[in-house]
Amino acid sequence: MKVLVTGHRGYIGAHLVPLLQEAGHQVTGCDLGLFEGCQWEEPARADIELTKDLRALTPEDLAGHDCVMHLAALSNDPMGELEPGITEQINGQGSIDLAARAKAAGVRRFLFASSCSMYGKGESMDLDETAALNPVSAYAVSKIMAEEGISALADDDFSPSFLRNSTAYGHSPMLRIDIVANNLLASALAFGQIRIMSDGKPWRPLVHCADIARAFIAFMEAPRQTVHNRAVNIGANQENFQVRDIADIIAELLPQAEITYTGEVGHDPRDYRVNFDLLYSLLPDFKLAYNLRSGMEELHQALTGRFTAEDFEGDRFVRLRHLKKTFHLLKEYS
Ligand SMILES: NC(=O)c1ccc[n+]([C@@H]2O[C@H](COP(=O)([O-])OP(=O)(O)OC[C@H]3O[C@@H](n4cnc5c(N)ncnc54)[C@H](O)[C@@H]3O)[C@@H](O)[C@H]2O)c1
């Protein structure tokens, strides 16, 4: 199939491109290159590379693709603080407009990188796709806006699906350490301390970034009716963790590292445990390749002896810090 991936030069996209190519699909990538030069290792190239803002994709760029996998976004909460409204413009309205252009260009499948963070402060401890949404950030609000706007476009010729991903972790050529499990491992390697910024109690569902990429492919290859206009949590029931449990797993890998509570953010308002039964009932053949322990072991091996305190404190692996340097690229389109 011919697949257009937005955000293909990001943390998850760097897994998705080679996995699609290995499965025999032809990949067009569209990415503004906000994190160019930040790679931990060289990421694979798409078959066709478009270096442009997703908002500038034309009907001609989109035509001829069987599926759009839309990952490009300002990909965490603090990034939206650089300019009020920018998260809504790109992640929210930008995504809806892209889906409308893709539909008009004849693209039949549209897979949206959504997020479990829309459950926010969970009211129950077993949140399935019917649970109330409690967004606690502009990022989460923008994902809800996009889901609603894109869902309204669904019809017999256009099938969107919404992959509500758990928080990612693990090795990628486009490494990030601003996501909780990677951050804790990176601080242990850089300083010999597993630095927990909250009180360690909030729950989070976690999933390996390569498993998110594998889920995108499973959705594209699934029968259309199975996933048509569906929002589906991506992760696994047994992969919900309290932050202090993540720290314990890392402490087993680095027994000399000390667990410290910096208390910087107090009790993190994002606190949710998610139910993933729908994913496995819709796609019974889909299985995660990793659990948190195996993913952390792999990342530990990849970083040991290479990852430094300078890496931890620099801007290569922390999206918000680097974005301050490349933000003008987004402004050029706005
Ligand atoms: N990483 C996670 O924990 C996680 C969890 C849930 C959902 N998601 C979602 O998955 C998607 C990918 O996340 P990621 O971790 O790979 O993020 P990332 O920040 O590593 O990559 C995002 C990519 O999108 C590109 N991009 C951003 N704005 C753009 C624009 N306007 N036009 C063109 N390109 C643009 C960036 O250059 C970057 O390469 C995002 O939509 C994110 O919200 C991520």
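The values are calculated or read from the model by the stated rules, or taken from the named source; none is laboratory data. Predicted model only: the values in this text are computed from it and were never measured. In this analysis, Cβ positions are derived from the backbone assuming ideal geometry, glycine residues included, and neighbour counts consider all displayed protein chains. Quick note on the areas: whole protein, heavy atoms, side chains included, nothing else; ligands and nucleic acids left out. Shrake-Rupley method; radii C 1.70, N 1.55, O 1.52, S 1.80 Å.
For this structure, a couple of remarks:
- Within the chain, all pairs of alpha-carbon atoms sorted by distance into 10 Å bins from zero give the percentages 6, 27, 37, 24, 6, 0.
- Surrounding net charge for LEU278, when Lys and Arg each add one and Asp and Glu each subtract one, Cβ distance under 9 Å: -2
- Accessible surface of the chain [probe 1.4 Å, protein heavy atoms]: carbon and sulfur percent: 50 percent
- Normalised by the number of residues in segment 199-334, the mean separation of alpha-carbon contacts (under 8 Å, six or more apart) gives a relative contact order of 35 percent.
- If the Kirkwood radius is taken over C-alpha pairs of segment 290-334, then at 10 °C and 1.306 mPa s the Stokes-Einstein diffusion coefficient equals 123 µm²/s.
- Report summary: the helix-based calculation at 222 nm, which adds -39500 (n - 2.57) for every DSSP H run with n ≥ 4 and divides by the residues of the chain, gives -10000 deg cm²/dmol.
- Total formal charge among the other residues, if their Cβ is under 11 angstrom from that of ILE259, Lys/Arg +1 and Asp/Glu -1: 0
- Cut-off under 5 Å, modelled amide H: who pairs with ILE259 long-range: ILE194
- Degrees between helix 209-221 axis and first principal axis of the chain (Cα, 0 to 90, nearest 10): 20 degrees
- Of the GluC sites (Glu not before Pro) found in segment 1-57, those that fall in a DSSP loop while having at most 14 other beta-carbon atoms within 10 Å are GLU36, GLU41.
- With both residues required to sit in the chain, DSSP beta bridges show an antiparallel share near 10%.
- Over segment 1-125: Rg over Rh, Cα atoms, Kirkwood Rh: 0.98
- Close amide H pairs (under 5 Å, H built 1.01 Å from N) link ASN275 with LEU127, ASP128, residues at least 5 positions away or on another chain.
- Spatial offset of segment 131-192 relative to segment 287-334 amounts to 15 Å, using the alpha carbon center of each.
- With the simple model of a label 7 Å out from the Cα in the direction of the Cβ, GLU310 to ASP156 spans 6.2 nm.
- 1.4 Å probe accessible area per residue over segment 205-291, in Å²: 43 Å²
- Under 5 Å, built H, 5+ apart or other chain: amide partners of SER115: ASN165
- In segment 262-331, Rg over Rh equals 1.09, where Rg is the alpha-carbon radius of gyration and Rh the Kirkwood radius from pairwise Cα distances.
- Equivalent-ellipsoid semi-axes of segment 203-288, from the Cα gyration tensor, Å, largest first: 32, 15, 10
- Against the chain, whose longest principal axis is taken from its Cα atoms, helix 94-104 shows a tilt of about 30°.
- Rounded to the nearest 10 degrees, the inclination of helix 138-151 to the longest alpha-carbon principal axis of the chain is 30 degrees.
- In segment 251-334, trypsin sites (Lys or Arg not before Pro) in a DSSP loop with at most 14 other beta-carbon atoms within 10 Å: LYS287, ARG306
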